[in-house]
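In what follows, a structure is listed as structure tokens, so that the remarks can point back to it.
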Amino acid sequence: MLYRQVYDALRARILEGRYAVGDKLPSEAELSEEYSVSSITVKRALDLLRTDGLIVRRPRLGTFVTSATPTGAAAPSPAARTRPLIGCVVTNFDDTFGSRVVEGLLSGAGVDDPVILMRSMGDHGLEDASIRSLIESGVAGLVLQPSSSEFIPPAALELVTKQFPLVILDRVFDGIPVSAVRSDNLSGAMSATGHLFELGHRAVGFLSAASHVSSSEERRNGWVHAHAAFHHSLDETAELRTLDSTIPGSTTSAEQDIERLREFVVAHPHITAYLAGEYNIALMLREACRRLGLSIPADISVVCFDHPDAAFDSGLFRFTHVRQQQTAIGERAIEAVRAQIAAPGSTERVLLPTEFVEGASTAAPPAA
């Protein structure tokens with residue numbers, strides 16, 4: 001690892017007397033430039049030297065050599081750890097999707113596995129920088145939830161070429177040999193749409209965010225396949241995929257998306273049911289319908305993905321929904337990282353089934 005290389009070089013200089021006791025070391029900026037590494041890497045190397053008892057940091061003065069004889073043991077290298085340090089970069093997490101995944105990551109790691117968690121909020125630059133920071137920090141494996149399925153961070157692509165233990169979470173990159181753990185969104189959407197057809201709905205719309213992620217595309221494909229399975233013609237004008245407010249880092253307000261949904265419902269009076277790609281989209285649709293004097297499910301039926309548990313809120317309106325095995329996603333991701341650490345170059349694609357859960361948001365269509 002880079003910080004070990006810097007640590008070894010500085011330690012050798014001190015033990016050889018090139019930096020004598022009392023000498024001031026170059027500044028962190030100078031060391032970063034000399035070794036072509038980040039300041040984080042330099043700080044980690046200096047931390048090891050302080051653990052050795054070789055240097056001391058004096059506020060506003062700098063870092064000085066205090067001994068040429070190590071008095072302590074340096075921090076163990078990643079290879080020497082009983083279980084390796086694992087890094088995780090996610091887009092974001094909340095009660096609808098993500099919190100349970102993080103719970104699974106921590107559960108899978110156990111009490112002895114250190115896990116570093118970072119989030120990108122959909123920022124490609126921050127995502128790439130987070131990956132590089134974790135690698136420089138000495139992680140032996142990485143779990144990554146990319147903010148897009150159309151753009152793979154350069155840092156992640158470099159790891160793939162080096163066969164570094166990497167697992168993609170909730171996304172799929174076709175043509176790239178990398179492990180992935182995700183839900184069977186296609187089958188989940190087919191089941192949800194099929195349920196609406198079985199209730200007697202003839203026109204079922206599809207609503208999703210404008211994000212470019214494979215899970216959203218798979219849900220749309222499930223909606224399309226259900227039409228074919230039930231021999232219903234597909235009306236491609238019955239889909240709205242320009243909602244922005246639920247995307248991490250978006251500047252679009254929920255009020256703007258509610259208005260878009262209101263206009264869409266007015267423009268498509270023949271649609272009596274909707275498949276919403278996210279729980280928050282279902283909430284906004286319910287508000288749009290309320291403003292139009294429409295009731296769910298008396299006038300409009302709705303099925304969504306990822307309903308929050310809210311176990312203690314007995315009064316919460318519960319949508320009919322598709323439930324992902326979020327905890328299992330996190331646990332399987334950790335397992336996949338460990339498998340790659342044990343057998344470098346191995347890859348595994350894990351597809352977990354979803355569960356259809358009936359709620360209070362679906363019913364037979366209203367009489368004509």
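Tabulated values for the structure
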{"read-out": "GNM top mover of Asp184, Asp23, Asp313 - the chain, alpha-carbon springs below 10 Å", "value": "Asp313"}
{"read-out": "GNM flexibility winner over the chain from Phe197, Phe151, Phe173 (Cα, springs under 10 Å)", "value": "Phe151"}
{"read-out": "Long-range amide H partners of Tyr274 with built H, under 5 Å", "value": "Gly205, Ser301, Val302, Val303"}
{"read-out": "Spin-label model distance (nm) - Met121 vs Lys24, 7 Å beyond Cα toward Cβ", "value": "3.7"}
{"read-out": "Residues Ala367 and Glu158, FRET efficiency given R0 of 51 Å [Cβ-Cβ distance, rounded to 0.05]", "value": "0.25"}
{"read-out": "Degrees, to the nearest 10: 2-16 long Cα axis against longest axis of the chain", "value": "10"}
{"read-out": "About the Cα centre, charge dipole magnitude for the chain (Lys/Arg +1, Asp/Glu -1 at Cβ), debye", "value": "1060"}
{"read-out": "Whole-Hz ³J(HN,Hα) from phi, Karplus 6.51 cos²θ - 1.76 cosθ + 1.60, for region 282-290, glycine and proline x", "value": "4, 4, 5, 5, 4, 5, 4, 5, 4"}
{"read-out": "Rounded to whole Hz, the Karplus (6.51, -1.76, 1.60) HN-Hα couplings of region 191-199, x for glycine and proline", "value": "5, 5, 5, x, 4, 5, 5, 5, 6"}
{"read-out": "Fluctuation leader among Asp306, Asp94, Asp257 - the chain, Gaussian network, Cα springs under 10 angstrom", "value": "Asp94"}
{"read-out": "Degrees between helix 254-267 axis and first principal axis of the chain (Cα, 0 to 90, nearest 10)", "value": "30"}
{"read-out": "Magnitude of the charge dipole, region 185-324, Cβ model with Lys/Arg +1 and Asp/Glu -1, debye to 20", "value": "240"}
{"read-out": "Low-density loop cleavage sites - trypsin sites (Lys or Arg not before Pro) in region 109-175, where at most 13 other Cβ are within 10 Å (DSSP)", "value": "Lys162"}
{"read-out": "The chain, relative contact order [Cα under 8 Å, separation at least 6], %", "value": "17"}
{"read-out": "Farthest toward positive dipole pole in region 2-65 [+1 Lys/Arg, -1 Asp/Glu at C-beta], among Leu10, Tyr35, Val65", "value": "Val65"}
{"read-out": "Given 13 as the ceiling on other Cβ atoms within 10 Å, longest exposed-site-free region of the chain for GluC sites (Glu not before Pro) in DSSP loops", "value": "151-357"}
{"read-out": "Cα gyration tensor, region 1-152 - rounded (a/c under 1.5), prolate or oblate", "value": "prolate"}
{"read-out": "Rough spin-label spacing in nm, given labels placed 7 Å along Cα→Cβ, for Phe151 and His270", "value": "3.8"}
{"read-out": "Rounded, prolate or oblate (a/c below 1.5 giving rounded, otherwise prolate when a/b exceeds b/c) for the chain by Cα gyration tensor", "value": "prolate"}
{"read-out": "Residue-span extension gain [Glu255 to Glu358] - 0.36 nm each, minus C-alpha spacing", "value": "34.3 nm"}
{"read-out": "For region 2-65: relative contact order, % (alpha-carbon pairs under 8 angstrom, 6 or more apart)", "value": "42"}
{"read-out": "Region 165-214-region 286-302 distance, computed between alpha-carbon centres (Å)", "value": "25"}
{"read-out": "Cβ charges +1 (Lys, Arg) and -1 (Asp, Glu), total dipole of region 219-267, debye", "value": "200"}
{"read-out": "Cα gyration tensor shape for region 185-324, rounded if a/c is under 1.5, else prolate or oblate", "value": "rounded"}
{"read-out": "Dipole of region 256-368 [Lys/Arg +1, Asp/Glu -1 at C-beta], most positive-end residue of Ser346, Phe264, Ser295", "value": "Phe264"}
{"read-out": "Whole-Hz ³J(HN,Hα) from phi, Karplus 6.51 cos²θ - 1.76 cosθ + 1.60, for region 23-36, glycine and proline x", "value": "5, 8, 6, x, 5, 4, 5, 5, 5, 4, 5, 5, 9, 6"}
{"read-out": "Taking Ile135, Ile40, Ile86 and counting other C-beta atoms within 10 Å, the order from fewest to most", "value": "Ile40, Ile135, Ile86"}
{"read-out": "Potential extension, Glu33-Glu348 segment - 0.36 nm per residue separation minus Cα distance", "value": "109.5 nm"}
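Read-outs throughout are calculated quantities, based only on the coordinates presented, and are distinct from any laboratory measurement. Note that the structure is a prediction, hence the values are computed from the model and not measured. Ideal geometry is used to build each Cβ from the backbone, glycine not excepted, and the neighbour counts take in all protein chains shown.
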